[in-house]
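One structure is given here, and the rest of the page talks about it.
The values are calculated or read from the model by the stated rules, or taken from the named source; none is laboratory data. Worth saying up front: this structure is predicted, and the values here are computed from it rather than measured. Positions of Cβ are generated from backbone atoms using ideal geometry, with glycine treated the same way; all protein chains shown enter the neighbour counts. Each accessible area value is taken on the protein alone, full model and side chains, heavy atoms only, with ligands, DNA and RNA left out. Shrake-Rupley method; radii C 1.70, N 1.55, O 1.52, S 1.80 Å.
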Amino acid sequence: MAVLGLSVELLVLFVGFGFMVGVFFGFFGMGGSFLVTPALLILGYPAPVAIGSSMAFVFGTAIIATMKHADVGNVDYRLGALMFVGITLGIEGGRLFVFFLEELGRAELVVGIAYVLLLAAIGVLFTRSALRADGADDEPDDPDEIPELAKTIKSYDVPPMMTLADGSKASLWTISGVGGGVGLVSGFLGIGGGFIRMPAIYYLIGVPLAVAVGTSLFGALISGGVGAFSYGRSGVIDVGVVTALLVGSALGARIGSAATVYVDESDVTIYFGIMLLLASAAVAFGEIANWTGIAAFDTVSFVLLIGSSALVTTIILYYGTKEIRAGALGPAATTGEK
Amino acid sequence: MIEFASPTVQALAVVALVTVEAVVLYTGYGVLERLAGPPVIERIENA
């Protein structure tokens, strides 16, 4: 029996995995997409299908996140619109590169290696952040403050200069460069790219942090829409996979978001960091399985990715139920992308 | 995979489908959360 073109086992797997990814997205504000492409690669989907389907999933989650944050208002729509061309060109460039690699028969290998490095890098960042004893954050005291790097970049008058929502000016070249660079990574890996786009908007274009977060969310909507359209034109998006993932993630995101009220993020960040390191290892084992043809590595890869995701989801839910039982209402911690 | 018409129509169909799915899921789970959320929290508190 097949539902949405998937066997019942795969349907349950994708809904369940979507649920876990949704919990991470709702709780940490990220992790919504950079686990999906690796999972599809490990399951044997061709790289263009894995990336294209992940981009469509990113689009769906971005719509849901935008609906949820519609009343926040910290979005510089003018900046988002100016980034649109760069994002579009970047994503198209990323897609063309994937199909070029596919023709060479190297797409799964190159994308897989890129994910091994990406997941390891983010995993190290999260783990280090969790282990930092001082617990210091990098947020500025003044919410309108912008970093020194952004001030320096803004001091160069490279026309055409565009006026941002806060009245400051930024070169269209900087805006397009940020949009294009992040779009390229999104289109190549099938990710929303918020963890790159938000810092890039803040540190390179130079808008206040809250506006950078809101505008980055708007950017995810643009990236997801353009990516889904771009890969959709190539006919490589598996709608059944996307639907199953969204069914799970939309529910998981609500539960993850609700858990932020009860669970202190710092209690579980280290588990998320370790999970990303294990996910990196999982993709590496998947690559080894492809090179050696030894199926056992594929099994190890699958168990590592799904098992570590399930474990962190369980930890978040466990802490949440424990705090609810204790009647300890913690401070609401998250308000959007991090 | 959706395989019909021109690539552009095919792509627009995917974008439209994902949009509808996202809106329906957001709204549907929102209703579910309002209805089932308080009893679930209460049950956990009393467990």
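Report the calculated FRET efficiency for B:VAL9 and A:ARG325 (r = Cβ-Cβ distance, R0 = 45 Å), to the nearest 0.05. List each step's numbers first, then the result.
Numbers: r = 53 Å, r/R0 = 1.18.
The calculated FRET efficiency here is 0.25.
Filter the trypsin sites (Lys or Arg not before Pro) in the range A:193-275 to those in DSSP coil with at most 10 other Cβ atoms within 10 Å of their Cβ, and list the result. Intermediate values should be presented prior to the final figure.
Values: sites: A:ARG197, A:ARG233, A:ARG254; in loops: none.
Filter output for the range A:193-275: empty list.
If you count only protein heavy atoms and use a 1.4 Å probe, how large is the accessible surface of A:LEU311, to the nearest 10 Å²?
Answer for A:LEU311: close to 110 Å² accessible.
Hey, can you grab everything whose amide H is under 5 Å from the amide H of A:SER33? Only 5+ residues off in sequence or another chain; H modelled, so Pro and N-termini drop out.
A:GLY192
May I ask for the distance between the Cα centers of chain B and the range A:258-308, given as a whole number of Å?
With chain B and the range A:258-308 each reduced to a Cα centre, they are spaced 26 Å.
Taking the solvent-accessible surface of protein heavy atoms with a 1.4 Å probe, what is the per residue accessible area of chain A in Å²? Intermediate results must be reported in sequence, preceding the final value.
Working: 14050 Å² over 338 residues.
Result: 42 Å² per residue.
Hey, if we sort B:GLU42, A:GLU145, A:GLU265 by accessible area with the 1.4 Å probe, largest down, what's the order?
B:GLU42, A:GLU145, A:GLU265
Near A:GLY227, within a Cβ-to-Cβ distance under 15 Å, what is the net charge of the other residues, with Lys and Arg +1 and Asp and Glu -1?
Local net charge: +1.
For the pairing of chain B with chain A, what total accessible surface becomes buried, with a 1.4 angstrom probe, in square angstrom to the nearest 100?
2500
So what's the net charge close to A:ARG325: Lys and Arg +1, Asp and Glu -1, counting the other residues with Cβ under 11 Å from its Cβ?
The answer is 0.
Can you pull the percent of chain A's accessible area that's carbon plus sulfur, 1.4 Å probe, other chains left in place?
67
Pairs of lysine in chain A with Cα under 26 Å and at least 8 positions apart or on different chains: total?
Taking the Cα cut-off of 26 Å, the pair count is 7.
Per the helix-only calculation at 222 nm, which mean residue ellipticity applies to chain A, given -39500 (n - 2.57) for every DSSP H run of n ≥ 4 and division by its residues, nearest 500 deg cm²/dmol?
The helix contribution divided over chain A gives -25000 deg cm²/dmol.
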